[in-house]
Amino acid sequence: MIRSDQRVFAQIFRIGILVALTQSSSFAAAFSFERDTFAFQNATVLKYKNGVPFLRARSNSDDPPNRYTRRCFVMTRTVMQFRKFARFDPRGAPLDDRQLAARVRTVAHRAPWRESLPENQRVMFPSYANLREMSKARAHVLQENIGSGFLTYFRPSNARMFFQHSQKYQERTHANLDAALTRGDMFVAYLSTYPRLSINHAVLFYARKPNRAGSQIEHYLVYDPNHAEAPRELTWSRRDSAFSYQKDIDFVGGFVRVYQAYGKWLQ
């Protein structure tokens, strides 16, 4: 009888642990670049070569115009909002543009720093399996309804780039980043090199890569709205207490300051 009671208790305990884990954000399906990001991308206003802006005449044959610009903050914020507040049902009937636009705005208007919603309270998007699939098929609806890029220039927290330059501040930011990822959350980062103007951009941290034994460099995967094709990598140096971003056509690579965005009101 005692053994039977012990088995029953053990089974109840295991079920309780499973329920608790299922309800926690850390047990949620891992963020997937191929599933949870946009199929379209943000474009830079200027043209670049080896990270240096330059002017040249455009040719529609080898350099087609892309008018979807200044949306890096908007796109990283919206990816986080869809991850927290939306769900998809590929079996449902598709919405028309007006209906889809209304649901997109509902998601985009919710404060991104809020806790993730339970599945049954999320905004449902039928006919598509995920954000990547929907944004490939209905790019114009999403682009017109996730928000203005121009307004992000006036975010109050942008002012930090003028005076928050200390290593201590970057160390606190790094600690907040690790805390967010540990609890299964995401972390929108504003990248700056002010007073140099080599980068003025936003990316979304979503995972930390395994660290090599003895390494002083920590590697993170980020979603960069300028790159719909694959994740990018941003690193943290324990020795230097500094972040570094990988080289790109529009960035020379190397040192950047990181400022968290959308982690709380007015941030």
Looking only at the range 192-218, which residues are in contact with a Leu (Cβ under 8 Å, 6 or more places away or on another chain) and either not small (G, A, S) or not assigned by TED's automatic domain parsing to the domain that holds K247 (or both)?
I199, N200, H201, V203, F205, Y206, R208, K209
Subset of the range 239-262 (residues that are closer than 14 Å to H174 by Cα and assigned to a loop (DSSP other than H, G, I, E, B)):
R239, D240, S241
Residue satisfying all of: in the range 192-220; part of a strand (DSSP E or B) and polar (S, T, N, Q); nearest to F73 (Cα to Cα) among these
N200
From A189, A159, A180, which residue is at negative phi, at pLDDT below 95 and outside the structural domain of T44 (by TED's automatic domain parsing)?
A159
For the range 119-175, give me every one of the helices (runs of 4 or more DSSP H) that falls completely inside it and has 1 or more residues that are under 30 Å from D89 (Cβ atoms).
131-137, 139-145
Across the range 117-154, what is the total count of residues that are surrounded by fewer than 16 Cβ atoms within 10 Å (Cβ to Cβ) and either of a type in the set (A, V, I, L, M, F, W, C) or within 30 Å of N200 (Cβ to Cβ) (or both)?
13
Residue check, A137 against (1) in contact (Cβ under 8 Å) with a residue 40 or more places away in the chain; (2) on the phi < 0 side of the Ramachandran plot, all met but one. Which one?
(1)
Any chance Q167 is over 20 Å from the mean Cα position of the chain (by Cα) and either under 30 Å from R238 (Cβ atoms) or outside the structural domain of Y190 (by TED's automatic domain parsing) (or both)
yes
Exactly one of A189, A242 is within 25 Å of T78 (Cβ to Cβ), surrounded by 17 or more Cβ atoms within 10 Å (Cβ to Cβ), touching a strand residue (DSSP E or B) at 6+ places or on another chain (Cβ under 7 Å) and among the aliphatic types (A, V, I, L, M), and that residue is A189
Any idea which of D96, D89 is surrounded by fewer than 20 Cβ atoms within 10 Å (Cβ to Cβ), closer than 19 Å to A30 by Cα and more than 20 Å from the chain's Cα centre (by Cα)?
D89
Can you find even one residue in the range 78-95 that is among the small types (G, A, S), at pLDDT below 95 and in the same structural domain as N130 (by TED's automatic domain parsing)?
yes
Could you go through the range 226-234 and let me know if any residue there is surrounded by 15 or more Cβ atoms within 10 Å (Cβ to Cβ), of a type in the set (G, A, S), within 26 Å of L131 (Cα to Cα) and modelled with pLDDT of 95 or more.
yes
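The values are calculated or read from the model by the stated rules, or taken from the named source; none is laboratory data. Here the structure is a predicted model, which is why all the values come from computation and not from measurement. Here the Cβ is made from the backbone with ideal geometry for all residues, glycine too, and neighbour counts use every protein chain on show.
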